[in-house]
Amino acid sequence: MLLFPYAKINIGLNIIRKRPDGYHDLETVFYPIPLQDVLEIKVLEGSNAPYRLQQVGQGTPTAPEDNLVVKVYKAMRAEFDLPPLDIYLFKRIPTGAGLGGGSSDAAHMMKAINEEFDLGLTPADIEQRIARFGADCAFFVQQRPAFATGIGEQLSPLPLSLKDKTVVLIKPDVSVSTKEAYQHVRPHQPAFDLRQSVLAPMEKWKETVVNDFEAYVFDAYPEIAAIKSTLYDMGAVYAAMSGSGSSVYGFFDIPPMDAAKVFPDCFVFQQKLR
């Protein structure tokens with residue numbers, strides 16, 4: 001079974017309030033982009049081990065027991081009669097980038113297990129189960145834009161299409177701690193209705209669609225702020241940081257020059273959306 005877990009970007013991110021449990025209520029738009037990992041599972045033959053994980057590609061591999069795909073497998077194995085698995089994970093989605101790569105891997109792992117072993121779980125069943133592994137995990141069960149509230153787990157479909165825009169995504173060689181970012185953000189009621197703002201022409205987004213983390217992150221990491229400015233200099237219609245960083249994306253009507261030449265020391269992804 002071979003799947004391709006995809007990344008997401010946050011379009012706008014408003015931090016509304018801090019909750020009694022220490023988390024924050026937020027609102028954001030999750031939008032899928034065709035930057036993908038590769039996940040393959042097959043039955044592990046001739047071994048007494050419950051699983052074998054091979055991870056290659058972007059980032060430093062975590063200990064197998066800390067990897068979300070292994071955690072999902074263990075949880076599913078405790079609920080269903082699953083055989084040992086051979087798990088191969090090729091990481092193309094950078095970590096610490098605000099792109100949801102680990103959450104996507106987890107959701108696609110559960111989808112793969114469900115399909116491979118005919119468990120009969122519906123998308124709603126998978127969304128309910130996967131939510132325990134991360135607030136944004138449920139988004140990756142169905143590949144469609146969503147307006148997210150709560151801590152990111154409450155999803156409403158959003159009729160937003162960016163077809164034919166070119167997305168340019170830049171990830172510098174720096175990571176921003178999500179905990180650090182939340183410590184420096186000030187919750188507040190947003191000045192604009194995000195759900196309505198993103199359905200307006202993109203030319204208007206620059207004034208109404210904001211990421212509340214940018215104020216602190218751009219001050220603490222000026223190299224990230226510089227990426228956003230450069231994307232606008234290249235002709236982006238809209239540019240912003242995704243999540244709490246450190247990746248920054250821009251949308252273009254006309255595909256720009258090869259961004260890899262502009263950002264030679266960064267991870268660069270550039271593709272026209274379909």
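What to note about this one:
- Residues located in the stretch 246-274, provided they are within 21 Å of V29 (Cα to Cα) and either open to solvent by 40 Å² or more (accessible area, probe 1.4 Å) or among the aromatic types (F, W, Y) (or both): Y249, F251, F252, D253, F269, Q270, Q271, K272, R274
- Any hit, the stretch 4-27, residues being farther than 30 Å from F192 by Cα and touching a residue at least 12 places away in the same chain (Cβ under 8 Å): yes
- Note on the stretch 18-64: residues that are in contact with a His (Cβ under 7 Å, 6 or more places away or on another chain) and basic (K, R) total 1.
- V248 being under 20 Å from G152 (Cβ atoms) and touching a Gly at 6+ places or on another chain (Cβ under 8 Å): no
- Boolean, G243 is of a type outside the set (D, E, K, R) and open to solvent by 40 Å² or more (accessible area, probe 1.4 Å): no
- In summary, S175 fulfils each of the numbered conditions (1) within 30 Å of P20 (Cβ to Cβ); (2) free of Cβ contacts under 8 Å to residues at least 60 places away in the same chain with the single exception of condition (2).
- Residue match in the stretch 223-233 (condition: of a type in the set (A, V, I, L, M, F, W, C) and not in a helix (DSSP H, G or I)): no
- Residues that are surrounded by 20 or more Cβ atoms within 10 Å (Cβ to Cβ), out of contact with any Cys (no Cβ under 7 Å at 6 or more places or on another chain) and among the polar types (S, T, N, Q) number at least 2 in the following strands (runs of 3 or more DSSP E) confined to the stretch 1-98: 6-18.
- Taking each residue of the stretch 226-251 that is acidic (D, E) and looking for partners that are open to solvent by 40 Å² or more (accessible area, probe 1.4 Å) with beta-carbon atoms closer than 6 Å, six or more apart or interchain, yields nothing.
- Annotation note: Cβ proximity below 8 Å between a residue of the stretch 130-146 that is farther than 15 Å from K111 by Cα and a residue that is of a type in the set (K, R) and buried (at least 19 other Cβ atoms within 10 Å of the Cβ) (sequence gap 6+ or interchain) occurs for D136/K8.
- Any hit, the stretch 216-229, residues being of a type outside the set (A, V, I, L, M, F, W, C) and under 20 Å from L26 (Cβ atoms): yes
- Within the stretch 95-110, the residues that satisfy the criterion of being touching a Gly at 6+ places or on another chain (Cβ under 6 Å) and at pLDDT below 95 are T95, G98.
- The set of residues from the stretch 243-267 being over 15 Å from E223 (Cα atoms) and either in a loop (DSSP other than H, G, I, E, B) or within 18 Å of the chain's Cα centre (by Cα) (or both) comprises G243, G250, F251, D253, I254, P255, P256, M257, D258.
The values are calculated or read from the model by the stated rules, or taken from the named source; none is laboratory data. Since the structure is predicted, the reported quantities are computational estimates derived from the model, not experimental observations. Every residue, glycine among them, receives a Cβ derived from its backbone with ideal geometry; neighbour counts consider all protein chains shown. Accessible surface is based on the protein model in full, side chains and every heavy atom, while ligands, DNA and RNA are left aside. Shrake-Rupley method; radii C 1.70, N 1.55, O 1.52, S 1.80 Å.
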